[in-house]
Structures are given as C-alpha cells and as structure tokens.
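The values are calculated or read from the model by the stated rules, or taken from the named source; none is laboratory data. Computed from a predicted model, the values in this text were never measured in an experiment. Quick reminder, even Gly has a Cβ in these numbers, built from the backbone with ideal geometry, and neighbours come from all protein chains shown.
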Amino acid sequence: MTAQALRQDATEPGPPSTAGAKAPLSLPRELNGIVHLLTCGSVDDGKSTLIGRMLWDASDLYEDQRESVRRSGRKAAGTDRPDYSMLLDGLLAEREQGITIDIAWRYFDTETRRFVIIDSPGHEQYTRNMASGASHADVAILLVDARVGVKKQTKRHAAILDLVGVKRVVLAVNKMDLVGWSEDAFRKIEADFRTLCWKFNFWEATAIPLSAVFGDNVATSSENMAWYTGPTLIQHLEKAPSRGSHAGGVFRMPVQTVLRDGLDFRGLAGTVSSGVIKVGDAVVDALSGRSAKVTRIATFDGDLEAASAGLAIALQLDTDIDVSRGAVLSTLAMRPVAAQTVDARFVWLSETPFDPTTGYLLRTVTDLVPISNIEIKALLDLETMSSHPSKSCGVNDIAIAKISLGRPAAIDVFSDTPETGTLLLVDAVTGATVAGGIATSVSAKSEAPIDGHFVLTRSMLANGLCRDLSLSAVDREEFMRRANEAAILLRAAGVSVAIEPPPFVDDGMDPGL
C-alpha cells in the first residue's frame, strides 16, 4: 500500500483492523532534511487536534494507536469525528484539563520530508514553555480560530518567534467549518496577519484556511473551500527549508575543551557554530586578542582541509595561545565584540517580577558573566505592537533593556550571528533562568559606574584570593575562574561588581600586574 493510499484509508475511522502491529507504510528512499516544526496558538484554537490530524493523515502511525483513538469513543466537540487530540496530550493533567501544558516532541515522515513537531502550550501561563520550544524551530505554525482571528496571545507568540529567530511562519486559520467555509472571514484574518508580520523580521509568512476536525487543507485539498487554490498545510511544510549545517556567516567556534595526547599535540576542540575554517587561516580569541594560524583540523574520521558549521573538530595551532573552555574563536577580520555593555530584547519567564536589587547573571552560548547593572528601558505593547517606556517587567512581558557586564564577554549581535547572539538571564542565588532573549547591540565600552559599584582589581586578587597561583597558563585560567566566582557571589549578595579586565599581553605576563 502506498503512503497516499494509506492516508486516504486512514482519513476516517473504520472497523478494527486485522493488519499487523504497524500500518505498512513505505518510508521515502530519500528524506530531504529534517524540519523542526513548532506549533503554537491560544487555548481552544484546536492546536492538539490539528497536530493529531496531521499524524493521522500523513504519518505512519502504529495501528494500535489508531485503534486506541477509534475505540476510545471520544469525539471532537459538536461532531461525530474522532478526537484526534488524544494522539498529542500525553500528560495525565493534559488529558484531564483538555489543554497542553508542557513541550512535547513528535516525529513523523511524509513521502519527501521528515518532521520533528515541537508541540507547545497555548495558555498564557505556559508562555515560557512555548519560548523554550521556539528556540529549536525552523518553521512555526501559528494557530487561530476562524471565529476570533488574531488575538493578543497570537501577537505575543509572533513576537517571541521573532525574538528567537524563527524566520518562517504559517498562520493556520482553523475551524473554517464553523464560519461556513467563508472566504471573507479568512481574507480578513489574513489581512490582519499581514499587518502583524510587517512588525517583525519574518522571511516568509503564509496563511492557510483549514479544518483540523474534518481534515480540509491539512493533508488533502478542501472541496468546501474551492476558492482557496494554495497548497495544503502538509504540502507547504514539505517545501520548507530544513535545519542543516551551512557555510554561511562568519566563523565562530566556542571551545569546549583542550585536548592533549601527552606528547606534542594540543587541540582546541569544539563544534563550528557558523562559517568555515581552513588550514592556514588565522584564528583569534575574542577576549584576549591572542591569535595563531591553524596547522591541522582533526576529527574522529581523519584530518580535514576545511570545516564548516555543524562539524565537531579539534584545531591545532602553530602557537599555543592561552585559551580554555568557553573561549570563542573567530577570524581576525570578523571577531565578536568583547562586550561590556549589551542592549538586549528578552521575554521575562519568571513568575517573580524584575527587581533591580536582585543579583542576575548573564549566560551566553559559552559563558556565565556577572552583571553590574540592568536597566529596563521599555516594554512591547502587544495591542499596538509598539514599545512604551517602562522601568519594570513581569512574567511574559517582552522587554528592552541595557545590561552592563562585570567583565567582558564575547557576544555578537543576534541579527548578524544568531549562534553567539542569544542570551539568558539567570538568578544568581537559585540558578533559575528568569529571561531569555537576544543581543540587539553590543559595545566594548563600559557604562559609567553606578553608586556602590565595586571593582575587583587584578592586584587585589593577586595579593589575596589568588596569591598561591603562578604564572603558568593553567594558573592564569584559574585566576580568572576565581575572579569570576568571586564576582558571582558578590552579585548574588546584591553588590554591583565588575572585574578589572586583563591587558592584551603575550604569554608570561604576571596576571596580577
């Protein structure tokens, strides 16, 4: 039986099957990449039903899963159709309340693509879970009820998608059967969606009218909406670009560890997050300014002449520069900023509102940095989609802020290099993540110290906490580790603190000077 025949056979519930444990779907010979697909929408817009219908119509569900839905007797509200959401709501609390609470991952193949569905909750209370799922997505489905259209929560979800860098969005206008399959109703929602998308940096935004319960325009074209001549949802998603490593962008490689073989090999190991590196290229540590040329690119499968984004490699250099885990390597011409001040945009995830007296830390892709000061500048108004001045923010607010760091950190502007432009705010006492966002501007210039600003100087540390350390590379690394830990403890105690940055010097310089 072909995949298309199976979909036609599986569209409506039938008598118990005597087939084997799994429907005989033939998987595609070649899958054109994996697409990570986020689904989001407000409560009761039918998101779980839509994803359940996609799995029912277009995937190779086990026959016992289909039989479980048939035998349950549960029907979609107001219809005689099965409740397809049963395929999605896995938690007991979700089944009891009829809502999605936590992120759920589902996998399925069509004839040409493999999908990873990231099913996110729609309730405003669980926006933080949606934001977490969005950070992994290539394409997002924004679901709206055709009777209601674009709501405040839809706007919040769109803003978060833009915030975390999702560039392709599909507006699924569900429950078209409840508005009489009206083209006018759809076109009005589509126009509102277009207006909303103008506020953000989406590369592609498409609206599709559908009915998840009846299957119209999900996997098969609707006979009830002949006026719509575009692709079905599945057809559109099958053409979406897949997540994959690409050579675009500037070279960045966060160092994960330093490898030694006990002889003369010293390799800086990590995964290339963007760009390309070749043997003979010069690389530089963004914070220290030290540079060297690549003499060897080693992998488990042998040496390479060049490595691109997504490859795990170890770089051997012609000079042993003093870097360790957490350093970010780049080319000489295009290095990240050793940032002291960051303009950021983030969504506040904690139930506890922002408190300027609380100790917060900044977590980058490679580093945990003490913060000397955070100033909330504005909040995004989800009704007008414009910002308005504010000094505070609470759960689910999308805020614009200026962050002064206690020491330099390698950070890129997110729109230029997303891989090293993402940020998290962490509570210094509990370690809980309180906000997630992006860097919109970075500066190597530090802000003027605020009242009570305490500076951990190199001489203070060398004569006290670090006086037992030598001039070796290992001890210089330990010097900075202790300085950072001291700053984190002071920040947790509510002390605004900064670490005096080390000079850009050659190896052998006394770290206390």
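List the number of the failed condition for residue 158; all other conditions in (1) within 19 Å of residue 436 (Cα to Cα); (2) in contact with a Gly (Cβ under 9 Å, 6 or more places away or on another chain); (3) free of Cβ contacts under 8 Å to residues at least 60 places away in the same chain; (4) not basic (Lys, Arg) hold.
Checking residue 158 against (1) within 19 Å of residue 436 (Cα to Cα); (2) in contact with a Gly (Cβ under 9 Å, 6 or more places away or on another chain); (3) free of Cβ contacts under 8 Å to residues at least 60 places away in the same chain; (4) not basic (Lys, Arg), the one that fails is (2).
Exactly one condition in (1) charged (D, E, K, R); (2) outside the structural domain of residue 386 (by TED's automatic domain parsing); (3) surrounded by fewer than 14 Cβ atoms within 10 Å (Cβ to Cβ) is not met by residue 266; state its number.
Of everything listed in (1) charged (D, E, K, R); (2) outside the structural domain of residue 386 (by TED's automatic domain parsing); (3) surrounded by fewer than 14 Cβ atoms within 10 Å (Cβ to Cβ), residue 266 misses just condition (3).
Anything in region 184-204 that is over 22 Å from residue 49 (Cα atoms), free of Cβ contacts under 8 Å to residues at least 40 places away in the same chain and not in a loop (DSSP other than H, G, I, E, B)? List them, or say none.
184, 187, 188, 191, 194, 195, 197, 204
Mind checking whether some residue in region 354-377 is over 20 Å from the mean Cα position of the chain (by Cα) and farther than 25 Å from residue 487 by Cβ?
no
Based on what the data block shows, is residue 419 under 22 Å from the mean Cα position of the chain (by Cα) and not in a strand (DSSP E or B)?
Here the answer is yes, as residue 419 does meet what is asked.
In region 139-155, how many residues are in contact with a Leu (Cβ under 7 Å, 6 or more places away or on another chain) and either over 22 Å from residue 397 (Cα atoms) or in a loop (DSSP other than H, G, I, E, B) (or both)?
4
Taking the residues in region 173-183 that are of a type outside the set (Gly, Ala, Ser) and not in a helix (DSSP H, G or I) as candidates, determine which candidate is surrounded by the most Cβ atoms within 10 Å (Cβ to Cβ).
Start the filter on region 173-183 by keeping residues that are of a type outside the set (Gly, Ala, Ser), which leaves 173-179, 181, 183.
Narrowing further to those that are not in a helix (DSSP H, G or I): 173-175, 181.
Values: 173: 26, 174: 29, 175: 23, 181: 20.
Filtering first and then ranking leaves 174.
Looking for whichever is assigned to a strand (DSSP E or B) and not assigned by TED's automatic domain parsing to the domain that holds residue 167 here; the options are 471, 461, 424. Which one fits?
On the way: 471 fails: assigned to a strand (DSSP E or B); 461 fails: assigned to a strand (DSSP E or B).
Only one candidate passes the filter, namely 424.
Identify all residues within region 449-460 that are farther than 15 Å from residue 340 by Cβ and either of a type outside the set (A, V, I, L, M, F, W, C) or modelled with pLDDT of 80 or more (or both); write none if there are none.
451, 452, 457, 458, 459, 460
Among the residues of region 344-380, count how many are hydrophobic (A, V, I, L, M, F, W, C), more than 30 Å from residue 329 (Cα to Cα) and assigned to a loop (DSSP other than H, G, I, E, B). First the steps, then the outcome.
Step one: of region 344-380, the residues hydrophobic (A, V, I, L, M, F, W, C) are 344, 346-349, 354, 361-362, 365, 368-369, 371, 374, 376, 378-380.
Those still in the list that are more than 30 Å from residue 329 (Cα to Cα) too: 348-349, 354, 376, 378-380.
So of that shortlist, the ones also assigned to a loop (DSSP other than H, G, I, E, B) come out as 349, 354.
The qualifying residues number 2.
How many residues does region 463-481 contain that are aliphatic (A, V, I, L, M) and under 14 Å from residue 499 (Cα atoms)?
Residues that pass the stated criteria total 2.
Filter region 375-410 down to the residues that are among the β-branched types (Val, Ile, Thr) and closer than 20 Å to residue 166 by Cα and list them by number.
Listed by number, the residues that qualify are 398, 400.
Hand me the list of strands (runs of 3 or more DSSP E) wholly inside region 212-331 holding 2 or more residues that are under 18 Å from residue 418 (Cβ atoms) and touching a residue at least 24 places away in the same chain (Cβ under 8 Å).
252-260, 266-271, 328-331
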